[in-house]
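These notes are about the structure you will find just below.
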Amino acid sequence: ALVAAAARKPEVAALRDTRRELCHAIVAEMHTEIHKHALRKDGEDDIYETVPAICLAIVQNYTLTQTAAPSRTWRLTKRATKLDDDDAPDPASFVHLMTLKKICEAFTDERQQELSELMYKETYAKDPEGIQQSFCVGEVLAPPPPPPKRRRSPAASGGGGGGGNSKQAKATQSSASDDSVAGDDDQVPPVPSMDEMLKKYDTDGSISNLIDMERESPELMLEPAELEEVQSGANDLRCDACRAATAVAYRRARKARATDEEALVRVVASLCVGTPEGSDEYPKYPGNPPLWGELYTVSKQAGRWTMAKLRKGAKREEKSMGEGGVDYNKLVMKHSMISRACKHIVHEHPELDLPEFMFLHAAGGAAELTSGFCEAFCGSADGKDEL
């Protein structure tokens, strides 16, 4: 199954393969920015804030590529020209660009304090190569260890050993007290927001445009072969998507007590999107796919895509993505297939008016609605598709 199997996110492998080159690039770009904007003159705070912001310069000045199978290793190279001087990237380049942005953010988040202190002390004493040779070695190039498992504290569990608990509690209280009376000079400056970083570094708007493209049209991030699968998958899933969508429409109509055709039109209008058109609410997922798609998985078997409902209690694939599970691109493919199939069914066949069909067959149940309306996409008894 495409999205049922666990897969490592591409940025995990990309960061592993390019840590040395990425470290060198970040040091070089920060060295340039500190000199260009005289960031050292007001102390270290400006340099600390520049560490996460430097990823915009990395995206503009470097290219992330992946070698062909079977090695499939990642490489980071310096661009001949800045991104804003190039034409708009093709889909394959765009997905690599967004992966580069993510791995840079991960590295700078991991090493922000060290980079800030290092660049504050060394920028005016050494050239970039000297700093790279001393910093981008050893532990810095090793991936961070996984976070330790959380353990309940003795105080929280109410266990025995009162003396030890009391001592530990006092130490904790003392530490908290010390933190509360610390001067402003001891406080870590806040990390600037993405809007602030874009305003400062994305002067031509090229990075902002790419971020908007990813949010509104995530399919642009897919490799050409993946996009072809989306197109064929959307066609293959018409029957399965019709059955799922009409079942959702039936439940929503009953919940809204929509009995007249006008009310049914309103129910069906938002059937293929997660957030209704014109809503002030931000879509849950890029591309605004229908949220009922979370309850399904898609897979390709014997050359044909199918959609199946997750078993009761199964973890939704969207939730496992952030935990090293389902790959982001595969979720984009799933969402795009379901969205396209749903919109084809509901909006691209005016002769098949779902609200009207629901109104005329109001006396029937969900099964009658699904079998009757979806016959056009699932075929009749002989199994032959009609559309």
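What follows draws every value from the coordinates through simple rules; no lab data is involved. Because the structure is a prediction, the values reported are computed rather than measured. Reconstructed Cβ throughout: ideal geometry from the backbone, glycine too, with neighbour counts over all protein chains shown.
Arranged from fewest to most other beta-carbon atoms within 10 Å of their beta carbon, Phe373, Phe359 become Phe359, Phe373. Would you work out if segment 220-377 is rounded, prolate or oblate? Take a ≥ b ≥ c from the square roots of the eigenvalues of the alpha-carbon gyration tensor; rounded if a/c is under 1.5, else prolate when a/b is larger than b/c, oblate otherwise. Prolate, because a/c is 1.5 or more and a/b exceeds b/c.
Take Asp236, Asp260, Asp353 and order them by how many other Cβ atoms sit within 10 Å, fewest up front. Don't skip to the end; give the middle numbers.
On the way: Asp236 20, Asp260 10, Asp353 17.
Result, fewest neighbours first: Asp260, Asp353, Asp236.
Using 0.36 nm per residue, how much length does the chain from Ser371 to Ala314 gain when fully extended, once their Cα-Cα distance is taken away? Let's see the in-between values first.
Working: separation 57, 0.36 × 57 = 20.52 nm, distance 2.68 nm.
Extra length available between Ser371 and Ala314 comes to 17.8 nm.
With contacts taken as Cα pairs under 8 Å and at least 6 residues apart, segment 220-377 reaches a relative contact order of 36 percent. Site pair Ala363 and Arg257 shows an inter-label distance of 2.3 nm when each label is modelled 7 Å from Cα along Cα→Cβ. Legend: residue pairs Lys255/Lys309; Lys102/Lys255; Lys78/Lys284; Lys78/Lys300; Lys82/Lys315; Lys102/Lys312, Cα-Cα distance threshold 31 Å; pairs beyond threshold, Lys102/Lys255; Lys78/Lys284; Lys78/Lys300; Lys82/Lys315; Lys102/Lys312. Neighbours of Glu29, meaning other residues whose beta-carbon lies under 13 angstrom from its beta-carbon, give a summed charge of +2 when Lys and Arg score +1 and Asp and Glu score -1.
Order these peptides, 123-129, 287-293, 215-221, by their mean beta-carbon neighbour count within 10 angstrom, highest first. Don't skip to the end; give the middle numbers.
Working: 123-129: 13.7, 287-293: 21.4, 215-221: 17.9.
Packing order, densest peptide first, comes out as 287-293, 215-221, 123-129.
Placing a pseudo-label 7 Å from each Cα along the Cα-to-Cβ vector at Glu348 and Lys284 gives an inter-label distance of 2.5 nm.
Take the Cα of Val265, step 7 Å toward its Cβ, do the same at Ser299, and the gap between the two points is 4.2 nm.
Cβ-to-Cβ counts within 10 Å put Ile54, Ile345 in ascending order as Ile54, Ile345, the fewest first. Taking square-rooted eigenvalues a ≥ b ≥ c of the alpha carbon gyration tensor, is segment 7-143 rounded, prolate or oblate, where a/c under 1.5 means rounded and, failing that, a/b exceeding b/c means prolate? Prolate.
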